[in-house]
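Visitor: Below are the C-alpha cells for one structure; questions will follow.
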Amino acid sequence: MHLVLIGDDGTWFDRGPAAEAALGVTKPIERRLPAGGEYTVRVVFAVPGRSRALRLFAEQGPPLKFPEVILIGDEASLLHRKTLLALPG
C-alpha cells in the first residue's frame, strides 16, 4: 500500500519514516486479514505548515499490474482517474 498526501498546489508528500520512528509508529502498513477482519495503523507525513487542502491518495500494489490495468472500472486501469480523499482542516 502506497499512501501520499497531495497539497492544493500539486505537491506530493510521502510518508515520513523518520517521523514515524520518532513517534514510535512501528506497525507495518500491510498485513493479511481474514474475511471481516480489521487493522488500524498510524501513518505520519512530514508536511510544511503552509500546505492547504490536503488530499489522501492510496494505491495498492504496483502501478501497472495485469490484468487490473485493462479492466474497465478498476482503480488501477489506465483510463481511471485517481481517487483522492479530502482531509479535514
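Visitor: Among the numbered criteria (1) surrounded by 14 or more Cβ atoms within 10 Å (Cβ to Cβ); (2) modelled with pLDDT of 90 or more, which one does Asp14 miss?
Guide: In the conditions (1) surrounded by 14 or more Cβ atoms within 10 Å (Cβ to Cβ); (2) modelled with pLDDT of 90 or more, Asp14 misses (1) alone.
Visitor: Further question: Based on this model, can you work out whether Glu68 counts as at pLDDT below 90, surrounded by 11 or more Cβ atoms within 10 Å (Cβ to Cβ), in contact with a Lys or Arg (Cβ under 9 Å, 6 or more places away or on another chain) and not polar (S, T, N, Q)?
Guide: So Glu68 does not fit the description; no.
Visitor: In contact with a strand residue (DSSP E or B) (Cβ under 8 Å, 6 or more places away or on another chain) and surrounded by 13 or more Cβ atoms within 10 Å (Cβ to Cβ): which single residue out of Val25, Val44 fits that description?
Guide: Testing whether each residue is in contact with a strand residue (DSSP E or B) (Cβ under 8 Å, 6 or more places away or on another chain) and surrounded by 13 or more Cβ atoms within 10 Å (Cβ to Cβ) leaves just Val44.
The values are calculated or read from the model by the stated rules, or taken from the named source; none is laboratory data. Computed from a predicted structure; not experimentally measured. Cβ coordinates were reconstructed from backbone atoms using ideal geometry, including for glycine residues, and neighbour counts include every protein chain displayed.
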